[in-house]
Amino acid sequence: MPQDLQRKTIVDGLLKVEKSGFSNLVLSSMLSDSRLTRQDKDFITTVFYGTLERKITLNAILQNFISKPLNKLDKEIVAIMQSGLYQILYMDSVPRYAAINQAVGLCSSFKKTSAKGLVNAVLRKAEKFDINSLKFKSEADRLSTVYSVSREIVDIILRDYPERREEILKGLFTRPLLTVNINTNKISLSDYEKLLEKNGISYREMPARHSLEIQSGGSITNLPGFAEGYFFVQGVTSTFAVQSAKIKQGDSVLDLCAAPGGKTFAAAVELGGTGSIVSCDPNESRLKLIRDGAERLGFSNVTTRQNLGQIYSEKFVGKDTVICDVPCSGIGIIPKKPDLRYKKLDDIDGLVRLQYDILCTAARYVKTGGRIVYSTCTVNKDENERQIAKFLSSHDNFAIVRQTDIPDGAIINDETVTFLPSHPVCDGFFIAVLEKMW
């Protein structure tokens, strides 16, 4: 595919996201073009996601060389300059002159030929600009601009991790790993590794039982053993969260906020074909994803229920383990979902209340001696440590459980475990295991 058509596809995608489209859905649609080669798709994905990730930084640099506010320019021209500047500043594989020339050429593709001179002049000046030379009103403004993340997220990190702020924000640019949990109900870890080796697929073992990073091999559905149900996609921290519950064969498990199903499937691996798992979600279409996944993986002990996690239902009482992977702000998984970088978090207090209500409801389902696994994919302590402290202060029949076999690099605080997004193999994540004493 000609390079200008690659870049036009990227700009089209950026414009769609600007109209409130989800980046993952937009990208999937973009990559469905049958004319695209694997190399085309890799280039489009890199520039598309990279431009979205660096949007605040790119805009700050561009604005330095444009007299009128960027939002007063045609959106097509802004997207052309953003994606062109991303290639110039962050991609060594693209010659600077080529990125500028292609950006100028795109003006014609979008019927904006009058803007060619502007695009050319701005990009030639911007390519030599150092973002750190800007004057900022505050440290929060600097961090937001340099690391391209909303002020609301910066404020949380400054409050909760002032000494590690730069480390965490740099970690939000980490490229996510593709990790899978091996379904040891069907195949052993060693046998699946042999299968990967036989097919020339590189991998490495992760710091959670039967968890692998797949380093080559193309799409998930093309990996050996997909149709046979030998594995499912799951991050290391999610796998570790379920394993930390110490689920025993024959146990009764409730996954209270289950979709898309990874923790349900991890629990099914621990059960080894015994016991039972009830997976809940308020959205029926998301429950179908779980049912389809359970069928592929051969987990006949999984059933689904349409249910709101914060609403008590007597039919769920008496569980050995309740998995509470609650809705959260998602700061820890920003590398996987660049849209989250710019969340305003207007109703963070309401989200924290919802999490607490779900946790308190879970406490009514677990039987004496049973455990709750509370987890989030954020580093906001209001959703994490402070949430657990509040719960324990009002539920004296629960105690926090010390976790073992914790991957290196985790932060242990009052027996809770936090992974920062700067961790080399883990998402930003929080885990607390709570046991019902009486």
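Of the listed peptides 209-219, 4-14, what is their order by residue-averaged count of other C-beta atoms within 10 Å, with the highest listed first?
Numbers: 209-219: 15.9, 4-14: 21.1.
Peptide ranking by packing, descending: 4-14, 209-219.
Counted over all Cα-Cα pairs of the stretch 170-328, pairs farther apart than 21 Å make up 45 percent. D by Stokes-Einstein for the stretch 63-158, Kirkwood Rh over Cα pairs, 20 °C, 1.002 mPa s: 146 µm²/s. Quick check: net charge around Gln355, other residues with Cβ under 13 Å of its Cβ, Lys/Arg +1 and Asp/Glu -1? Net charge around Gln355: -3.
Among Thr45, Thr404, Thr361, which one shows the highest mean-square fluctuation when the chain is modelled as a Gaussian network with alpha-carbon springs under 10 Å? Taking springs between Cα atoms under 10 Å, the residue moving most is Thr404.
More than 17 angstrom separation, counting every C-alpha pair in the stretch 213-293; what % is that? Distances greater than 17 Å cover 51 percent of the Cα pairs. Antiparallel beta bridges, as assigned by DSSP with both residues in the chain, represent about 55 percent of the total such bridges. Helix 284-297 versus the longest principal axis of the chain: what is the Cα-based angle in degrees, 0 to 90, to the nearest 10? Once rounded, one gets 70 degrees. Mean sequence separation of contacting Cα pairs (under 8 Å, at least six apart), scaled by the length of the chain, corresponds to a relative contact order of 13 percent.
For Arg286, put the label point 7 Å out on the Cα→Cβ axis and report which residues of the stretch 404-438 keep their amide N under 11 Å from it. Answer for this model: none. Compare Leu52, Leu196, Leu420 in a GNM of the chain, Cα atoms joined below 10 Å, and give the one with the largest fluctuation. Of the options given, Leu196 has the highest mean-square fluctuation.
Once the convex hull of the alpha carbons of the stretch 30-116 is built, what does its volume come to per residue, in cubic angstrom?
Details: hull volume 9.4 nm³, N = 87.
Cα convex hull per residue, to the nearest whole number: 108 Å³.
Kindly state, to the nearest 0.05, the FRET efficiency for Ile412 paired with Ser108, given R0 = 56 Å and r defined as their beta-carbon distance.
Working: r = 58 Å, r/R0 = 1.03.
That gives a FRET efficiency of 0.45.
Paramagnetic label reach from Thr303 (point 7 Å along Cα→Cβ; backbone nitrogen cut-off under 12 Å): within the stretch 235-277, residues 253, 276-277.
For the stretch 364-385, backbone nitrogen atoms closer than 18 Å to the point 7 Å from Tyr312 Cα along Cα-to-C-beta are found at 364-368, 372. Between Leu73 and Asn397, the FRET efficiency from the beta-carbon distance, with R0 = 60 Å, is close to 0.50.
Peptide packing: for 116-129, 145-158, 73-86, the average count of neighbouring Cβ atoms within 10 Å per residue gives the ranking 73-86, 145-158, 116-129, highest mean first.
I'd like to know how the stretch 279-340 sits against the 2.2 N^0.38 Å rule of thumb: what's its Cα Rg over that expected value? Before the final figure, lay out the partial values.
Working: Rg = 14.3 Å, N = 62, 2.2 N^0.38 = 10.6 Å.
So the stretch 279-340 has a normalised radius of gyration of 1.35.
The alpha carbon centroids of the stretch 405-438 and the stretch 1-44 are separated by 37 Å. Sorting the segments 134-140, 261-267, 93-99, 331-337 by their residues' average number of neighbouring beta-carbon atoms within 10 angstrom, most packed first, yields 261-267, 331-337, 93-99, 134-140.
Of all accessible surface on the chain at a 1.4 Å probe, what whole percent is carbon and sulfur? Each step should come with its number before you reach the end.
Values: 9570 of 19520 Å².
Percent of accessible area from carbon and sulfur atoms in the chain: 49.
Start at zero, step by 10 Å, and the Cα-Cα distances of the stretch 300-438 spread as 11, 40, 35, 14, 0 percent across the bins. On the beta carbon distance between Arg364 and Ser20, with R0 = 22 Å, the FRET formula returns roughly 0.05.
Counting Lys +1, Arg +1, Asp -1, Glu -1, what net charge surrounds Glu166 among other residues with beta carbon under 13 Å of its beta carbon? Present the calculation step by step, with values, prior to reporting the outcome.
Details: positive: Arg142, Arg164, Arg165, Lys170; negative: Glu139, Glu163, Glu167.
It works out to a net charge of +1.
Full extension of the chain between Asn64 and Arg386 gives 111.8 nm of extra length, using 0.36 nm per residue less the Cα-Cα distance. Positive end of the dipole of the chain (Cβ unit charges, origin at the Cα centre): among Leu351, Ser252, Phe173, the Cα lying farthest that way belongs to Phe173. The stretch between Phe129 and Ser219, if pulled fully straight at 0.36 nm per residue, gains 28.6 nm over its current Cα-Cα span. Ignoring ligands, DNA and RNA, what accessible area per residue does the chain give at 1.4 Å, in Å²? Heavy-atom SASA per residue in the chain reads 45 Å².
The values are calculated or read from the model by the stated rules, or taken from the named source; none is laboratory data. Because the structure is predicted, anything quoted here is derived from the model rather than measured. Virtual Cβ from ideal backbone geometry, glycine too; neighbours counted across all protein chains shown. Keep in mind that these areas ignore ligands, DNA and RNA; they rest on the heavy atoms of the full protein, side chains included. Shrake-Rupley method; radii C 1.70, N 1.55, O 1.52, S 1.80 Å.
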